[in-house]
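Please read the structure below before turning to the comments.
Computed from the coordinates by the stated procedures, all read-outs in this text should not be read as laboratory data. Since we're looking at a predicted model, the values are computed, not measured. Cβ: placed from backbone, ideal geometry, glycine included. Neighbour counts: every protein chain shown.
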Amino acid sequence: MIPNLEQLRKNYEQFDDKKLLRIASEEAARLRPEALELLKQEIIRRGLTTDVVKAADVLTKEVSAEELADYVETMRNLPCPICGGTGEKLNATIVSNVMSFIVFTHQSKEVKIACPRCLNKQNNNAIMKTALLGWWGIPFGLIRTPAALMFNARQKAQNDLPEANDLFKSFVYGRLGRIEANKNNPEGLQDIITYIR
């Protein structure tokens with residue numbers, strides 16, 4: 001059952017600030033227009049940052065290629081979350097690890113945001129770990145290990161591109177609301193790339 005406007009207003013009034021900010025910066029695109037307006041009113045009534053209202057607006061409108069490029073550059077210029085360096089622009093990779101234990105094979109994939117040097121280290125570590133520990137499961141270790149090794153090598157080739165790779169652009173696009181909400185908060189932007197969810 002869809003709640004009416006009065007029920008929505010009461011819900012928003014009961015939510016703590018953190019939950020309201022999360023809804024505005026991550027879920028605004030899924031709200032119906034009148035619910036979004038109530039959310040904005042509650043944020044303004046509480047005196048929370050207006051950047052969050054802008055974040056909700058970003059999620060509910062079409063973002064141009066130029067706007068996306070600006071967001072991407074903002075995020076690429078942050079310090080590396082692994083080494084803290086600022087000399088190279090950030091990019092993204094996926095690290096695939098395979099570990100086998102006779103009849104059990106576990107494969108994991110994880111997105112990493114960092115400078116190209118740190119991304120290469122992450123992919124190299126995954127290649128080494130998979131090469132040493134991936135083969136020992138029958139039959140999946142023998143199947144998944146070579147696939148993961150090739151996957152990491154292909155990902156590594158994308159780390160040193162002078163422009164943002166497609167994975168980084170997708171990462172940013174999927175977090176536009178959070179980025180807009182933290183535009184004036186360097187620690188908040190850093191958290192987006194450090195604690196990936």
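Extending 7 Å from the Cα toward the beta-carbon at both Ala153 and Lys109 defines two label points whose distance is 1.8 nm. Can you flag which of Lys54/Lys183; Lys19/Lys169; Lys89/Lys169 are past 22 Å Cα-Cα? Among Lys54/Lys183; Lys19/Lys169; Lys89/Lys169, the Cα-Cα distance tops 22 Å for Lys19/Lys169.
Projecting the Cα atoms of Leu167, Asn182, Ile102 onto the dipole axis of the chain, where Lys and Arg carry +1 and Asp and Glu carry -1 at the beta carbon, places Ile102 farthest toward the positive end.
Using C-alpha pairs below 8 Å separated by at least 6 residues, the relative contact order for the chain is 23 percent.
Ranked by the mean number of other Cβ atoms within 10 Å per residue, highest first, peptides 28-37, 132-141, 11-20 order as 132-141, 28-37, 11-20.
If you take the Cα centroid of region 21-50 and the Cα centroid of region 125-194, the two points sit 31 Å apart.
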